[in-house]
Every structure is written in C-alpha cells, then in structure tokens.
1. Say whether the condition of being under 29 Å from residue A:396 (Cα atoms), touching a strand residue (DSSP E or B) at 6+ places or on another chain (Cβ under 6 Å) and buried (at least 23 other Cβ atoms within 10 Å of the Cβ) is met by at least one residue in the stretch B:61-76.
2. With (1) touching a helix residue (DSSP H, G or I) at 6+ places or on another chain (Cβ under 7 Å); (2) surrounded by fewer than 18 Cβ atoms within 10 Å (Cβ to Cβ); (3) in contact (Cβ under 8 Å) with a residue 60 or more places away in the chain as the list, and residue B:324 as the residue in question, which single condition is left unmet?
3. Based on what the data block shows, is residue B:97 assigned by TED's automatic domain parsing to the domain that holds residue B:220 and either out of contact with any helix residue (DSSP H, G or I) (no Cβ under 6 Å at 6 or more places or on another chain) or under 30 Å from residue A:329 (Cβ atoms) (or both)?
4. Please determine whether any residue of the stretch A:389-403 is crowded, with 21+ Cβ neighbours inside 10 Å, under 30 Å from residue B:404 (Cα atoms) and more than 7 Å from chain B (Cβ to nearest Cβ).
5. Quick check on the stretch B:337-348. Is at least one of its residues in the same structural domain as residue B:279 (by TED's automatic domain parsing) and under 14 Å from residue B:242 (Cβ atoms)?
6. Please work out which one of (1) touching a strand residue (DSSP E or B) at 6+ places or on another chain (Cβ under 7 Å); (2) outside any helix (DSSP H, G or I); (3) without any contact (Cβ under 8 Å) to a residue 40 or more places away in the chain is the condition residue A:346 fails and give its number.
7. In the stretch A:139-160, what residues are within 15 Å of residue A:101 (Cβ to Cβ), out of contact with any strand residue (DSSP E or B) (no Cβ under 7 Å at 6 or more places or on another chain) and surrounded by 24 or more Cβ atoms within 10 Å (Cβ to Cβ)?
8. What's the total number of residues in the stretch B:420-433 that are facing another protein chain (nearest Cβ under 7 Å) and assigned to a helix (DSSP H, G or I)?
C-alpha cells in the first residue's frame with residue numbers, strides 16, 4: 001500500500017464536501033422496486049409525504065414494499081416483559097447501561113440565574129419532552145446503539161422515549177434489543193425501520209407518537225429522511241460510514257495497531273487511517289493486518305478486506321505535531337493515540353468525535369462499555385458536531401427579568417438601536433415604561 | 001377580534017408542521033427573473049451548485065441577477081477603520097456588546113476529566129475554528145443581529161468570524177454594521193447576501209473562507225440554503241417569522257400589553273398572541289392597540305396592522321395553569337409574563353426561546369441590550385432548539401483513557417456485546433490486550 005506524506009497526505013485527508021454518496025446498487029434496486037431509477041432522496045420524499053397523510057397504513061405499505069412483510073407495529077407489554085436472553089449477554093447489557101449512565105451523569109447540565117442589583121438574568125435548561133431513538137437493523141441486533149443513544153436522553157431527563165427498529169424477516173425484533181429497552185425503562189418499542197420510521201417519529205401516526213427530536217444512526221435512506229424532516233423535528237446528527245484514525249509512534253505494538261484498524265475495517269464502508277512517525281511501524285502493521293485478516297471469519301473478513309483495500313490510508317508524519325495537524329484536518333470520528341506518552345497529545349486535539357488514549361483504551365471498548373456514547377460525528381462533521389450527549393436532549397430558555405431601575409439605565413440605549421433599525425414600536429414599548437419611571 | 005377558549009384555543013396554538021410557506025409573490029418574482037415559476041428551493045439549488053463550482057464569479061453574477069449590481073465583495077481594512085456613526089448610536093452598540101458578552105460569560109462552558117482508579121474519562125469542550133455570521137439586509141441595518149449572533153461565538157472562543165451581509169443599492173454596507181464589526185474585533189466582512197452568501201460560507205470561494213458553522217437569521221432563500229447545506233457545514237437553526245406570546249392577568253396594564261404586542265407586530269409576517277385570564281383585559285388591550293396603532297408612523301403602521309389583522313390570536317384562559325399549558329403547546333419564540341407574580345410562573349415554562357419576566361423586561365429590551373441573544377427558535381422549534389448560545393459554537397470531544405486493570409474488568413463484557421452484534425474483529429481487538437494482562 002502506498003505510504004502518503006506531506007502535501008499528498010494533506011490532500012488525501014482533506015474532506016471538502018461530505019455529501020452522501022449514492023451507490024449504483026441503490027439506484028438499480030430502486031429501479032427494480034419503483035420502475036424508475038429514483039434517487040434515494042426521491043424515494044424518501046415519497047415515503048415522507050405518504051406517512052404524513054396516511055399514517056400507520058403507509059408505514060405498513062412501505063415496509064411491505066421494501067422488506068416484503070407487514071409487521072405488528074407495537075411490541076406489546078407482554079412481549080417486553082417476557083423477552084429473555086443469555087445471562088452473560090444480559091449482564092453485559094446491564095454493565096453497558098451503568099457505565100454510559102455514570103459517564104453522562106458527570107456532564108454539566110445545569111442552568112443558572114444570576115440575581116444582581118439590576119434584577120435577574122439567566123438560562124433555564126429543560127429536557128425535551130419526547131425523543132425518538134432509531135436503532136438500525138440489518139444483520140445483527142445493534143443493542144449498543146440503543147443504549148448509547150437512549151442513555152444520554154434519559155440522563156438529560158427526557159420523560160418519554162420512543163424506539164423504532166426494523167424487524168427481522170419473521171417480523172420480530174431481536175430479544176436482546178427488547179431486553180435492553182426493558183432495562184432502560186423504555187416501554188414504547190415499534191417494529192418499523194427505514195425512512196418510514198423517521199417519518200412516523202417526525203409527524204406521528206395513529207400508533208407512533210410524534211417526537212421532538214430523532215436520534216440515532218441508520219442507512220442512507222434513514223439519514224436522508226432525517227435531513228429532510230429537520231426543522232419540523234430536531235435531529236442530533238447525520239451519521240455516515242464510520243472511520244478511525246490511529247496515531248502511532250515507534251513505541252506502538254504493530255499487533256494492537258493492526259487489531260484496532262481491523263476492528264474499524266470490519267464495518268461495511270469503513271475508512272481506517274493510520275498516521276505514524278515510524279516507517280518501520282507502517283511496514284510491520286501492514287504485515288500484521290495481512291495475518292489477522294486471514295484469521296477472521298466470514299463475512300467479517302470480506303468486509304474488512306474491502307475497507308482495507310478500498311479506503312485505508314497510511315501516512316508517514318515527520319513528527320507527532322504533524323500527525324496531530326493531519327488528524328485535526330481530517331476531523332476523525334474516532335482518534336486512537338498509540339504513542340509513548342498519549343496524554344501529552346490531548347491538548348493538541350481540536351477536532352474529533354472521541355479520543356482513545358493508550359493501548360488499554362481501544363476504540364472497540366468505547367463501542368460498548370467505556371462510557372461515552374459511540375454515536376459520534378462522521379465524515380468530517382466533527383468540525384462542528386459532537387458525539388451524542390446530554391446537551392442534545394435539552395433546550396435552553398433565556399430569562400430576562402431586569403427591574404425598573406435597570407430599565408431606566410439601559411432602556412434609552414435600546415430605543416436608539418431600535419430607531420436605527422427602523423423599529424419605532426419597539427422604541428415606544430420601552431419608552432412607555434420609561435416615562436412612568438421619571 | 002374573536003376570543004378563543006379551550007379546545008378552539010388549543011387548536012389555534014397547535015403547530016403541526018412548521019414547513020416554510022412560499023408566498024405567491026415569491027413565485028411570481030421567480031417567474032420574472034428565471035422565466036419559470038421556480039420554487040425557492042429550486043432557485044437555491046441552482047445558486048448552491050453554481051457557487052460551489054464558480055466561486056466569487058457566481059456570487060457576483062447572482063447578486064447582479066437578484067439585486068441588479070456587482071458589489072466589491074470584501075470590506076477593506078481602511079473602510080472598517082474609517083466607518084463613523086452618530087456617537088449616541090456608537091455608545092448604544094458598545095453597551096449592547098458589553099451586556100451580551102457579560103451574559104454569555106456566565107454560561108457554563110467547561111469540559112471535565114474524571115481520574116479514578118480505572119483511569120480517566122471525560123469530555124473536552126473546544127470552540128469551532130471558523131464561524132460565519134449572516135446579517136440580513138433589507139430596509140434597515142440589523143446591527144443588533146450581528147451583535148447577538150457573533151458575541152456568543154466570541155465568548156465560546158471561536159478565533160475567526162466571517163460576516164456576510166447584503167449591501168445597499170449603492171453597493172455599500174451601512175456604517176453602523178461596520179462599526180459594530182470593528183467593536184467586536186471582526187475584520188472579515190463581505191458585501192454579499194442571500195443564498196449565495198450561505199453557499200460561499202459553506203463551500204468557500206476565492207475571497208470568502210469556508211466556515212465550520214453558519215449562524216444568523218435571513219429571508220426565505222437564506223433559510224432554505226441553510227437547510228440544504230446542513231451536514232456539509234453546521235447551522236444553528238432555521239429561523240422563520242418572529243412571534244411573541246404574552247400571558248397577562250387582570251393586574252396587567254393594557255397600555256403595556258398593547259405596546260408589547262405592537263412591537264412584535266411591526267415585524268413583517270409576525271404573529272402576536274395574547275393569552276389572558278381576564279376577559280376585561282382582552283377588551284381593553286384591543287382598544288389600546290387601536291389607538292397606539294394609529295399613532296405609529298408608516299411603514300410600521302401598515303406592517304403592524306397586517307400582523308394584528310391577519311395573524312394575531314387572542315385567548316381567554318381559565319387560569320394561569322391553562323395559560324402556561326397553552327404557551328408550552330405553542331412553544332413561542334418570546335414569552336412575556338405580565339402578571340401579578342410573574343416569577344412564580346417560571347417553573348411551569350417548559351418550551352420557549354426567551355422568557356421576559358414582568359413589565360420592566362419587555363421583549364423589545366431583549367432585542368437589544370438585556371443580555372441574551374435575540375436569535376431565538378421560531379415556528380414552534382423551541383420544542384427542540386435553543387436561542388443562539390455558547391454551546392452552538394463548541395464541540396464536545398469524548399475522552400476514553402481507561403487503564404489495563406479497568407480493561408480487565410470491563411473488557412470481557414464488551415467482547416460479549418461485540419460478538420452478539422456480529423463484530424468479531426472488535427472482540428479480538430479487545431482480547432489481544434486482555435490476553436497479555438493475564
């Protein structure tokens with residue numbers, strides 16, 4: 001594999017426009033389903049408009065069309081109470097919930113009111129009233145995604161959480177998802193996925209209550225639907241394919257670096273990036289990847305091989321300062337620091353979703369039980385977005401409670417500004433009170 | 001005017017889908033400009049695509065097409081240094097900057113790192129690197145919008161702020177805007193408005209640097225452009241027409257209530273709402289509005305009359321509890337509390353942009369010098385959005401730095417979850433370290 005350096009590395013790690021790419025396979029499937037090569041956006045627009053008008057019936061029709069069956073939408077209280085899974089997995093779910101809860105309980109989440117001689121000013125902080133959590137389906141139950149999205153909302157104090165997730169071919173949701181919901185105290189779980197689920201959360205249907213904000217990752221259709229409903233409902237981010245950038249120096253273990261890159265690579269469409277100050281390490285890691293890749297079972301091996309061959313980038317940096325500069329340019333979802341003194345680099349990290357410091361803190365641990373949510377900004381959006389956190393599930397309300405004495409002090413300046421902006425009635429609303437103070 | 005009560009009031013204050021309405025006048029003007037009745041979204045898509053490819057040249061061409069002239073894009077350092085305005089206005093600008101800065105310096109904005117026996121976990125809080133502030137043009141210089149958008153970004157620590165604002169017909173920006181930028185320490189001010197300005201901030205051009213986030217209100221085209229570029233760049237909100245809900249009891253002064261509703265009403269397209277527990281007050285306020293409206297100069301009188309006649313809502317609530325319930329349903333941008341004991345209502349406010357407590361704290365004061373930003377969520381988006389604040393200009397970076405002992409404790413559960421999700425390489429990345437701990 002080509003080792004990039006200097007401007008070539010900078011160019012390869014620049015991300016100009018994180019537009020959502022449309023694979024040819026999606027267009028071909030749309031042609032098969034709809035008789036036209038509709039773009040995903042056109043399909044999503046049809047779904048949104050239909051669910052808005054026809055509610056549950058539209059949800060079922062679109063699930064029939066895309067997935068081939070009509071599920072019972074709501075998971076019953078009896079089904080939630082009865083779900084059982086392997087005790088070891090159950091214990092792991094409990095540990096993950098506890099660790100993520102402990103983490104977010106430390107996030108500052110308070111408002112303030114400051115009373116002074118001029119009266120009071122402040123910011124109230126309020127939880128959202130109702131939040132929708134989308135849990136992607138696919139080949140395995142994404143238990144951790146439910147935990148890592150719902151817990152920050154629960155810690156924020158959101159009183160009502162609605163979960164939607166696509167059912168399996170037998171019309172059911174994996175019991176591990178149901179158990180996780182039960183452990184979280186969530187009683188509203190719906191068997192529906194895709195853009196139609198986002199539409200249901202945004203507009204409400206007969207069965208599914210309309211929410212204030214939709215959170216959670218999903219496939220291309222889900223992400224487009226989130227973008228299109230934004231403004232009518234809140235969304236926390238537009239998550240795309242996952243990515244990890246590892247910064248390693250000559251002290252790093254090639255075995256660990258390779259294992260971390262492969263853990264990233266086994267996600268479909270993932271982008272592993274390795275930046276090292278050691279040319280020898282780059283060579284050793286590539287050899288390690290080869291060996292570890294062969295030892296992986298299918299289908300993981302094929303997916304990992306595709307990520308490695310199609311999207312992995314290997315960069316030789318002149319020093320750790322340049323390595324950090326390249327990482328900040330790339331703004332990775334995950335940044336792993338495998339260097340002699342990883343904590344010393346933290347001050348230079350300006351853009352990343354999460355930073356994994358040292359060899360005991362591999363990113364795979366963060367996906368499950370370390371503490372912070374694994375729902376992190378992808379595609380360079382760490383420039384302006386954060387991992388899912390308590391703030392995502394709060395609003396701030398500004399408080400203005402100045403007294404008459406303060407108004408007499410600052411009111412005249414406000415009338416000057418109001419008149420400069422042509423807003424005469426604003427000036428008069430202030431003056432109506434000022435005149436009585438004299 | 002009809003007085004609404006009970007279910008009729010609830011219905012009138014429910015906001016199902018805050019879609020951006022398209023006035024017929026906009027379609028007619030588009031037909032005149034483009035020879036087709038393009039929707040604003042279609043026009044904006046053309047502008048975005050063109051600016052992405054052609055940069056500055058496209059900015060100038062679209063300004064020529066829409067506004068009829070080609071401005072010099074960048075305001076020179078000499079122009080910024082030389083701008084002069086009336087000293088009283090200059091002093092008012094300084095007061096506003098000081099008050100808004102003082103307010104946001106009180107907002108909690110810190111990260112945390114918690115070191116325990118298991119290692120360290122935490123959240124870094126980082127300012128964005130570069131922010132674009134859009135200042136709408138139109139009939140008057142919106143000096144306060146520049147201050148109320150830029151100051152929270154400056155307090156957050158954003159090192160670089162880019163201002164764009166449409167020039168007047170003579171190709172210039174009002175000196176009060178330039179003076180305000182100078183007082184804020186902002187040296188990059190560009191004479192361009194509309195969707196093309198948002199495109200320039202999102203993609204960058206030869207003259208205008210690409211930013212991480214675009215903030216500030218604007219007309220329909222600006223808001224659509226912000227929605228379309230979201231994901232490639234951050235945006236703080238999708239602001240629509242302004243609105244105020246006043247809760248007043250029988251202790252309120254009809255003169256003040258009318259003045260506050262008129263201050264709201266003089267904005268084009270505004271929606272004033274009055275909820276009172278006193279039928280007598282509702283009658284008195286309507287009489288007051290009539291008198292104060294006649295005394296307003298034009299064009300403010302016509303705009304205010306249109307808001308009053310077309311969109312004002314008057315509601316009789318059975319008690320203050322119901323008044324608050326209706327207000328939370330409506331989720332107003334501005335909530336004014338003109339009651340005997342306004343502070344006692346604050347605990348019941350769940351959804352609002354800003355709350356103006358008592359008769360000395362009129363909303364018009366908040367537009368200029370009270371402290372909190374006047375850029376607040378409109379159209380019911382206070383359900384899930386906040387006024388512009390320091391958080392809008394920060395990202396959070398999650399930190400995972402657990403040690404080997406902690407990994408030995410929690411790692412095995414993570415491998416169980418990873419395998420339940422079908423992610424074998426994740427489990428192996430963890431186990432590669434666990435095995436060495438034994």
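The values are calculated or read from the model by the stated rules, or taken from the named source; none is laboratory data. Please read these numbers as outputs of a predicted model, since none were measured by experiment. Here Cβ is always computed from backbone atoms with ideal geometry, including for glycine, and neighbour counts include all displayed protein chains.
1. Our first condition is that a residue be under 29 Å from residue A:396 (Cα atoms); within the stretch B:61-76, this holds for none.
No, every residue in the stretch B:61-76 fails to be under 29 Å from residue A:396 (Cα atoms), touching a strand residue (DSSP E or B) at 6+ places or on another chain (Cβ under 6 Å) and buried (at least 23 other Cβ atoms within 10 Å of the Cβ).
2. (2)
3. Working: assigned by TED's automatic domain parsing to the domain that holds residue B:220: yes; either out of contact with any helix residue (DSSP H, G or I) (no Cβ under 6 Å at 6 or more places or on another chain) or under 30 Å from residue A:329 (Cβ atoms) (or both): no.
Criteria not met by residue B:97.
4. Yes, the stretch A:389-403 has at least one match.
5. Of all residues in the stretch B:337-348, those in the same structural domain as residue B:279 (by TED's automatic domain parsing) come to B:337-348.
Right, trim to under 14 Å from residue B:242 (Cβ atoms) and you get none.
No, the conditions are met nowhere in the stretch B:337-348.
6. Condition (2) is where residue A:346 drops out.
7. A:144, A:147, A:148, A:151, A:152
8. If we filter the stretch B:420-433 for residues that are facing another protein chain (nearest Cβ under 7 Å), which is where we start, we get B:420-426, B:428-430, B:432-433.
Filter again for assigned to a helix (DSSP H, G or I), leaving B:420, B:424-426, B:428-430, B:432-433.
Number of matching residues: 9.
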